[in-house]
Amino acid sequence: MIVIACLKGERMKWKVAVLIVLVLSIAQPAMANAQCSNATPIIFVHGGAGSMAQFESQAMRFTSNGYPAECIMAFEYDSSFVKETRLGVEQRLADFVNATFETSGKVVLIGHSLGTRVVYNYTLKYTDYVDKVAKIVLVDGIANVPAPSVPTMAIFGRPTALRPPGTNITGAENVYIQNQTHVEVMTSPESFVYMYRFIAGKEPFTKYILPEKEIKLAGKLVYFPWNIGLETGTLNIYELNENGFRISQTPVATFTITDGTWGPFDAKPGVRYEFEFVRANNLTMHFYREPFLRSDYWIRFLVSPPGGIAEYASRSDNHTNLLIIRYKEILTGYDDSYVKAVDDLRINGDAVCDPRICNVSKPLNGPTGIWIFDNNSDRQSVLYPPDPFYHAQAFQTGIDYYIPAEPPSESINVTIFDRSGGVQTIKVPNWKSSEHRVILQFNDYVQTFPLLSPNGIPAVDAEILVPTYADPFAVDISSMPKLDELSETGWIKVDLPEPCKTGNGNDTFIMVRKGSGDNATKLLIYFEGGGACVDFLTCRPLTEGGTVVKLDLNFEELKAAYNMGIFNFSNPLNPFRDWTIVFIPFSTGDFHMGNRVVKYYNITGSDPSENKTIYHVGYVNAIVAMRWINQTNFDRVVIAGSSAGGFGTILHHYKAYEIFKKPVVVINDAGPGVRVVEEKPFRWDVTTARWGSLQNFPEDSISYFDSTDLLHFLDYSLPKCDGCLYGLFEDQQDFVIRTLRASDTDFRAALLMLTNDIKAANKEKFYRYLVLDEKHMVLPSCYGCYTQDRFYSLNISGYYFYEWVNGLLAGAGRDIVEESWTGPLEKTVRGTELKRYVYTAERPPYGDYDKIAIHRVVNESITGEKPVILILPGTWSSGEQLANLSWNDHGWIDVDEKYALVPYLANRGFEVYVIDYRTHFVPNDTTDFSFMYEWGWMNWIWDIKTAVEKIKEISGAEKIYLAGESFGGSAAQNYATLFQEDLKGLILLDGMARVGVRTNSYNLTANLTAMKSGAIPYQVPSNGGPNNWNIWVDAIVNPSPMKNIILLSGLYTWYVPPGAANPYSYPWAILIPHVYFAVMASFDPFWSNRLNLDRAAYSDWENCPYLPFDFDDHYNEINVPVISFVSNWGHNLGLLYPGYRLCSNPTGSEDFTCVFLQGYGHLDVYNGPFIEKDVNGPLLKWLLSHEDSSWSVWQRYDLNGDKKLNDTELMNGLSDYSSGDIDLKNATNLLVKWVGS
């Protein structure tokens, strides 16, 4: 009870009212509706210019350790002593302690700075405190006095003139954290540990603010520095996007303010919010915070009263003002040996706080509040000296920095690069200062090791006990027996020496099986799998809900578990049945890569004694094991591993190469090294932090994979590993590994795209066996196989997995990727007897339009062996167009071999294939083309490779001819640089890859960034196709008869002059305008511009740094027969662009033929009126010249490409002569042909 006497007059009445408000609104626990009953109440007493805000993070650390939120209270007061006196404050504190004691028992008082004096004076004045106060903590305040008569702790930060080194409180437990400044030492996790230990009498099980899945927020709007709650106004809460703008203009919560308090509000963890405070006749205030991780009932929003400190900042419609708050001093400069690290405060990239301003020389150790405004509204920035008014305020400073408020709705990026190494960012709109005040409050902590806990919230729950556990190359292995000293048969247990450990920190071992006969000198080192773990929950056995199979080892159980696959030593198909085998067990949860000891905290709220210390030391165990076995000489070394052990082979194949100093063959079973998506727990940044694995890789290798996929380490290791081969087995929908990804298709897409890049860069050293299944592992057995011994039964199109392994061991690897094709769908070729069969396959990344198709065109009346040719279309063209002159089954004329290559070859006994690129499946009404960002050259080449493999499967051919029209010629040539082993010959139809003029300057990354921003389009619309309304008007108005189409398309030819993409330059091209019309009408509507950007990159660079494979650097390696048809247009293009001189040999082939087509335009080469004579015939002649006489087509045509005659055809021709239908010359020619047959 407060008694106020001797107050007279209106002025005294106002003071009474103020004091009553102070009693009612300040002296309350943070959760006024709850009563502390399960712990000792903590009452925080803030310092000068302070509030409960300086204990907000500590309160959440207490609740993270199980302390009830209702037991953490604030005693707030006017530290300027304008609205109340010092004696009044001490009296109110006594009343607050008494009231709390009556309901909850003894309390703990924590005072900071000025608050330590308030607490200390209270103990001097109210001697009964010893019955009501259990303990006292005094932080960086009163000093050199005797301690109160209850247990007392004094915590001191950076020494100053007020508190020099040696400062203490006599009789207290004195703690010194000298590298922390005055406010920081109140809010830091280090001071929390001391406070918790002192208050609770035990160690905290975490010093971090741990996440909660469901959180509540509450707090108070108070006048600064009075701490009086505001009595009117509305608080609106908005959810924000990544740029700081409201997702919706409708608040997610609204509170009417009557005494300053607001909440609780059911918030989302990890989400950014804006807290908008609106009052009549006042500026609108916008408070921004970093995302909240757990419930917070102690939020304080500070409001400057009328005529208060905020009024000194210039305001205008033209600029934005900011108040930046952090209750850990913002220091961009330092002046002494105690605090050496510095922060970096940046606004839109500009460093705004001069080191002479933001440093510890400012009174009370540096600013926690920085006012940013355009002084005098002159649109000029003057960063030094500081504003004298604000710089004179305690804990504050002011900086003249102009932030434009025009144009509106621009995002302001405010970032603090914290002196601990972390980064803090808040983005806000550029509200104009004439109407708005903007306050940004940063957390006073930066938690390292951002981990995703099982509920998907960023958290920190680990402490590194030993950052680098051991140097395995320095471990003494002399106590281990030599291999030839082991006399037992079967599996032998060999103990590893100290410091090798299991995950639980116990002694560990390896298993060894000695080989026999000639294979005894062949060594297989097998890395066992068994999950992984990165936190308290995952570092439990599978049987307890964890994700690691075991953390300790049992020899008998281990050897009994392995009797299938490569451990079935009675199976004659087992290539390793007589080899020496070293089996490295897995119990460390770290993919055999770790070298660190970590303590994981139980964040579930259970008994903290369950906290786990895990020895992530698999790297140490593996290296010691390999060093030991290397004491024996071996002829062959194979490294294999399954699941986690497969991941381990990514690092250890290279370590084995260094240790054994000989080529290594690797079999990675289900450890694909695919990067984990952000919302999953086993992210690379998390695992490297927890396991300490990065320190075990060669330092110059880290840039290859640290920001991408782990498997990219092979791009570093394989070029250095002479004679090494690396084989990867994986189920494309592996149900274990895919759980690390977002979805089944996401994993499959990531797997194929990643391994495509690795294969392109290491084509002679990296081989895959990727099966379309969802099981897991193959070498020992597999999950999902039950009793089936998958190592011997698994096959792709009859090629067994164990045969693939034998191929690797023989140095003859094969790349096998099983694809999911649908079809065939039987169709026709318009106006012919030819059959067309269409097969379709989805392609990574498996979006709506990520698919290809192949059309197989054959004349089934022709029997016998059919040589195979695949024709690649040009830009905007498709396989459907080449085969059927149609688009999505819309065609206008019959197909005639006189002006089309596909029916010409099919009718002469070829098995002809054409491909629909992905662009063929994009609808003509598409508006969002962002999916085309992924449609670059490597995806295109792998699409063609997938088609080739399917074609070989259908036809039974081992090799095919590959032709390309226009762009397809470039694609064919690029394909040959990677996969010429698939080809019998290369056919370039007015299309050849550009060599280019190299400047080594084209920045693909910059152009791709521009593409994502919209500066460069994703797509290139076609000059024809369904996007050209003229064509479709013609088609609708004149669908028949043919003469009308011929007439109107002729007019179309007249008023749409041929351009670079459709240059019919033959004088007689107008004679078949309906063909021209059909070609233009059947173009695909869009093309991927990413292909153009990629081509510009590889043609400009020697050793292009942006692509996994630089095609043009390898053109001289193409050594298959090549024929190139060059139009007059193509020749002229070559005159303009030296890289396009098409009749020069662009390959390393000694069998090169060029056919120059005088007068031909570009499309004339494919559909001109004379191609049967000028293109198709010479091509057939070239094909005949490259085959032997056993080829059935050769037996039907002579070397000029003319058809040979049989007896019936000769007699029919002679009958025509006898009847006078043909003359003697023609009859003689028939007889000559028959003789030649």
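Bear in mind that the values in this text are calculations on the coordinates, not laboratory data. The structure presented is a predicted model; accordingly, all values stated were derived computationally and were not measured. Neighbour counts are summed over all protein chains in view; Cβ atoms, including those assigned to glycine, are modelled from backbone coordinates with ideal geometry.
Observations on the structure shown:
- Taking the charge dipole of the range 284-362 about its Cα centre, with +1 at Lys and Arg Cβ atoms and -1 at Asp and Glu Cβ atoms, the residue from Tyr297, Gly333, Ile347 reaching farthest to the positive side is Tyr297.
- Listed peptides 181-188, 844-851, 753-760 by packing density, highest first (mean Cβ within 10 Å): 181-188, 753-760, 844-851
- Listed residues Ser51, Thr152, Ile169: farthest to the positive end of the dipole of the range 9-200 (Cβ charges): Ile169
- Listed peptides 85-92, 660-667, 1083-1090, 54-61 by packing density, highest first (mean Cβ within 10 Å): 54-61, 1083-1090, 660-667, 85-92
- For the range 840-913, share of DSSP beta bridges that run antiparallel, in % to the nearest 5: 70
- Between the range 278-304 and the range 183-217, the alpha-carbon centres lie 23 Å apart.
- A straight Cα-to-Cα reach below 21 Å connects Lys763 with the lysines Lys662, Lys720, Lys945, Lys950, Lys952, Lys959, Lys984, residues fewer than 8 places away in its own chain not being considered.
- With K and R counted +1 and D and E -1, the other residues having a Cβ less than 11 Å from that of Lys501 yield a net charge of -3.
- Total lysine pairs whose alpha carbons fall under 19 Å of each other in the range 9-200 (8 or more apart, or interchain): 6
- Low-density loop cleavage sites - GluC sites (Glu not before Pro) in the range 867-968, where at most 14 other Cβ are within 10 Å (DSSP): Glu958
- Where labels lie 7 Å past Cα in the beta-carbon direction, separation of Lys720 and Ser703 in nm: 1.4
- Measuring spread by the Cα atoms of the range 9-200 yields a radius of gyration and Dmax of 16.1, 52 Å.
- Theoretical gain in end-to-end length, Thr1153 to Phe735 [0.36 nm per residue, Cα-Cα removed]: 145.3 nm
- Mean shadow area of the range 262-319, taken as a quarter of the surface of its Cα convex hull (nm²): 5.5
- Of all DSSP beta bridges in the range 452-817, antiparallel share, percent nearest 5: 40
- Charge context of Pro672, other residues only, Cβ under 9 angstrom, K/R +1, D/E -1: -3
- The calculated FRET efficiency for Asn144 paired with Asp350, based on their beta-carbon distance and R0 = 56 Å, is about 0.80.
- Ranked packing of 303-310, 290-297, 223-230, most packed first, by mean Cβ within 10 Å: 223-230, 290-297, 303-310
- DSSP-defined antiparallel bridges as percent of all bridges, the range 102-257, nearest 5: 30
- About its Cα centre, the range 874-949 has a charge dipole of approximately 260 debye under the convention of +1 per Lys or Arg Cβ and -1 per Asp or Glu Cβ, with nothing else charged.
- Across every pair of non-identical alpha carbons in the range 215-448, the mean reciprocal distance, once inverted, gives a Kirkwood radius of 18.1 Å.
- Pair-distance distribution of the range 452-817: all C-alpha pairs, bin width 10 Å, starting at 0; shares per bin in whole percent are 5, 26, 36, 25, 7, 1.
- At q = 0.14, 0.16, 0.18, 0.22 Å⁻¹, base-10 log of I(q)/I(0) for the range 884-1006 (Debye sum, equal scatterers on each alpha carbon): -0.80, -1.01, -1.21, -1.46
- Distance-filtered residues of the range 267-296 - backbone nitrogen under 19 Å, label point 7 angstrom along Lys213 Cα→Cβ: 267-271, 292-296
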